[in-house]
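The values are calculated or read from the model by the stated rules, or taken from the named source; none is laboratory data. This structure is a prediction, so every number in the text was calculated from the model and none was measured. All Cβ positions, even for glycine, are placed from backbone atoms using ideal geometry, and neighbour counts span all protein chains on display. Ligands, DNA and RNA are stripped out before the accessible areas are found, and what is left, the full protein with its side chains, is counted by its heavy atoms. Shrake-Rupley method; radii C 1.70, N 1.55, O 1.52, S 1.80 Å.
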Protein chains: 4
Amino acid sequence: MPVKLAILFYTTYGTNHRMAEIADEAARATGAEVRLRKIAETAPASVVNGQEAWKAQVERMADIAEARPEDLDWADAYLFSAPTRFGAGPSQLRAFIDTLGPLWSQGKLADKAVSAMSSAQNVHGGQEATILGLYTTFLHWGSIIVAPGYTDPVLFKSGGNPYGYSHTQGAEFDEAARGAIAHQVRRLVKMAEKLAA
Amino acid sequence: MPVKLAILFYTTYGTNHRMAEIADEAARATGAEVRLRKIAETAPASVVNGQEAWKAQVERMADIAEARPEDLDWADAYLFSAPTRFGAGPSQLRAFIDTLGPLWSQGKLADKAVSAMSSAQNVHGGQEATILGLYTTFLHWGSIIVAPGYTDPVLFKSGGNPYGYSHTQGAEFDEAARGAIAHQVRRLVKMAEKLAA
Amino acid sequence: MPVKLAILFYTTYGTNHRMAEIADEAARATGAEVRLRKIAETAPASVVNGQEAWKAQVERMADIAEARPEDLDWADAYLFSAPTRFGAGPSQLRAFIDTLGPLWSQGKLADKAVSAMSSAQNVHGGQEATILGLYTTFLHWGSIIVAPGYTDPVLFKSGGNPYGYSHTQGAEFDEAARGAIAHQVRRLVKMAEKLAA
Amino acid sequence: MPVKLAILFYTTYGTNHRMAEIADEAARATGAEVRLRKIAETAPASVVNGQEAWKAQVERMADIAEARPEDLDWADAYLFSAPTRFGAGPSQLRAFIDTLGPLWSQGKLADKAVSAMSSAQNVHGGQEATILGLYTTFLHWGSIIVAPGYTDPVLFKSGGNPYGYSHTQGAEFDEAARGAIAHQVRRLVKMAEKLAA
């Protein structure tokens, strides 16, 4: 049976959307069944619409379904992708996470393989801290953390964040970036397959 | 000139409200000027009103003003108090923090003395991780972190969390608990006084 | 084939030795092949011998082999147990970890299932931070983090640290403590079995 | 009275030695009294001498005094600089820290202003995690954490690590790097001056 993977991303201007798409493509190529889901926006519409780039990104994602708790129940593995907000995940993502209490208390988040990616405005802008903070949350769920470490040479070319792929806002998604994302999600799928067996 | 202290708390059932009140009283006794502020609720009214204990707490806080970014601009020192949500601050608090970009980019959060407290359902339920995660955010602001460490004997009696006072939900606020909170906020005010001189 | 588990502990006065023994017994009961190993002491003999309790503990461990890098190469899964030193693992453990560069660069630490336990003098004395700090290191190795989360009711009775079992120095190893340790190691073995399949 | 600053660094091949020297020069220019100290090597002489580059660095530091606990007692402020070892400080530094129990229990590490810098082989190689892990330790001491945040434009040019300056091994110490280090230490001295007043 193919691994069921939920890719959940939050984005304001599109960086993490792009990262999620690259992961989606690489995961599908492994034969995994994938749900690509956007985290619901919680900022007031007036704020979003007041910024052209933000509004445009919302429109670009119009056809992507919003993440729901049942997606996490359905999946064998989760890949989260979100920018930093002062060294932590954005409140939109935390708001979604805060709705997972009922699933958690039934043990339905336990034993899932999980991995995370992030981005920041600066090279060292909180990417490590953001991913590690998400992993702390996943440990509460009883999830199994599957990070890339240095398990492939491409990671040394893409900045070498062993916790998860890290993007610097505005940088190109070159071959190393795409390769690092693809490696991370393939590794996640492989481990999820073993864990679900 | 007295230190200006903003005490900002988020609570669902009242634990962190009580912690904030104890801190408020101890801070005023030092002569500090205090703004006690609740973090705005972002959960839908239908969810809040569907739980008696949550709704009752909202009513108990009706007279407390909501925290606004300008409170952080005004203050010399910040004390945050919030429960854990899977090892991180609640999304309500993160939503407030995410509105601080404009203040941050003007450097108005820099050089403030800051400290944090937390609570969880379990004794080791993420209190350390939640406080440390908030401190990571405050480092982005250029705030000065003033934690209690083990700078007073009362800390050994109250559980000894050197990062900030930690409560276990449902436990009494006994003398050690009140003493630890009072010590933490007095220490914060003292350091803020020096930093603002 | 049985899972090969390395239990590696550092102790000064015996707390983490006891934790490791409880884990050892529970792991063997699952059929796992276990190597119980002490982390080598690096403090000068004059310091160790100057403290009766420390010296006595060294004698109690005389028959336990010291951990070597090849134990990590051999094993499918690792369980680490060590007290906190100001919110991080003790230097003895870090010294052992720092010798693992050659194994790491050959990828021999990757894909292993790993879990950790800790203890401190105080209830909230850095146990969470110490375990999370070790997990950060294991992510560099490409290890797979298997923490208890809240996957068994016994965890709520034993203090509820979702990152790994946490002991307060001097407390008894009661049924809840032993149960929490046993659950953590059994879960680790179970996941390691799947990952090694 | 001038601020008394202890700059404590550990290095294998010289990167953090260079960082410490840049900080030393910038600190002296403020009028601070500085003790530049190397952390004692704990690796066996046979290992050190077996690597030409390591041995050469040891010789280059022959005239620098080793850090002793009393340097921390003497100083008003501490700047630590050390490379990452799998996302944490090197065992040499942790070994020094582990000797500080007696000073800590007398409260002599409390109220000191402290900051940290790090380096890694990769761009995202654990620099954030290493500095944050050190700050966790300093919170145990009751130290006051003074990180750069984004309090100067130079930080955006030097990689923008708000927790402390981060170097990628082998990169040049260009104007932005030197400026970021100088800003961090000047800010530390300024805050220490206020705290010691």
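Observations on the structure shown:
- Interface of B with A. Using a 1.4 Å probe and counting protein heavy atoms only, the two chains hide about 1500 Å² of accessible surface, both sides summed.
- Label 7 Å beyond Cα on the Cβ vector: residue A:70 copy-to-copy distances, nm: 4.6, 5.6, 7.2
- Inter-copy label distances at residue B:31 (7 Å, Cα→Cβ; nm, one decimal): 2.7, 7.3, 7.5
- Placing +1 on the Cβ of every Lys and Arg and -1 on the Cβ of every Asp and Glu, with nothing else charged, gives the protein assembly as shown a dipole about its Cα centre of roughly 0 debye.
- DSSP bridge orientation in the protein assembly as shown - percent antiparallel, rounded to nearest 5: 10
- Interchain or long-range residues, amide H under 5 Å from residue B:116's placed H: B:80
- The mean number of Cβ atoms from other chains found within 10 Å of a Cβ in peptide B:114-125 is 4, as a whole number.
- Theoretical gain in end-to-end length, residue D:52 to residue D:197 [0.36 nm per residue, Cα-Cα removed]: 47.5 nm
- Between the amide H of residue A:121 and those of A:169, distances stay under 5 Å, these residues lying 5 or more places away or on another chain, with hydrogens modeled in the peptide plane.
- Working note: Karplus 6.51/-1.76/1.60 with θ = phi - 60° gives region C:108-120 the couplings 7, 9, 6, 6, 7, 7, 9, 8, 9, 10, 8, 8, 8 Hz, where Gly and Pro are set to x.
- Computed from phi, the 3J(HN,Hα) profile of region C:44-54 under the Karplus parametrisation 6.51, -1.76, 1.60 (θ = phi - 60°) reads x, 3, 5, 5, 4, 6, x, 10, 3, 5, 5 Hz, with x in place of Gly and Pro.
- Each copy carries a label point for residue D:103 at 7 Å from Cα along the beta-carbon vector; from one copy to the others these points are 3.3, 3.6, 4.8 nm apart, nearest first.
- Carbon/sulfur fraction of accessible area - region C:1-102, other protein chains in place, 1.4 Å, %: 51
- Given R0 = 35 Å, the distance between the Cβ atoms of residue C:70 and residue C:25 translates into a calculated FRET efficiency of 0.90.
- Pairs spanning more than 26 Å between alpha-carbon atoms, out of A:194/C:108; A:108/B:55; A:108/C:190; A:112/C:4: A:108/B:55.
- Amide H to amide H distances under 5 Å link residue A:36 with A:7, where only residues 5 or more positions off or on other chains count and H is placed in the peptide plane.
- Nearest-0.05 FRET efficiency for residue B:63 and residue A:103, computed from C-beta distance (R0 35 Å): 0.45
- Peptide B:92-98 - average C-beta neighbours from other chains (10 Å radius): 6
- Extreme residue, positive dipole direction of region B:26-130, given options B:58, B:124, B:45 (C-beta unit charges): B:124
- Counting only the Cα atoms, the protein assembly as shown fills a convex hull of 153 Å³ per residue.
- Check: region D:4-196 dipole with +1 on Lys, Arg Cβ and -1 on Asp, Glu Cβ, in debye: 260
- Note: relative contact order over region C:4-196, using C-alpha pairs below 8 Å and six or more positions apart, is 24 percent.
- Integer Hz, Karplus 6.51/-1.76/1.60 couplings in order for region C:73-81, x for Gly and Pro: 5, 5, 7, 8, 9, 10, 10, 9, 9
- Entry note, chain B: the mean residue ellipticity at 222 nm calculated from DSSP H runs of n ≥ 4, each adding -39500 (n - 2.57), is -13000 deg cm²/dmol after division by the residues and rounding to the nearest 500.
- When chain C is turned onto chain B, the axis of that turn runs closest to one Cβ of chain C, and that residue with its distance in whole Å is C:128, 2.
- Solvent-accessible area per residue in chain A equals 35 Å², computed with a 1.4 angstrom probe and all protein chains kept.
- Low-density loop cleavage sites - GluC sites (Glu not before Pro) in region A:90-197, where at most 12 other Cβ are within 10 Å (DSSP): A:172
- Selection from A:146, A:5, A:165, by position along the positive dipole direction of chain A (Cβ): A:146
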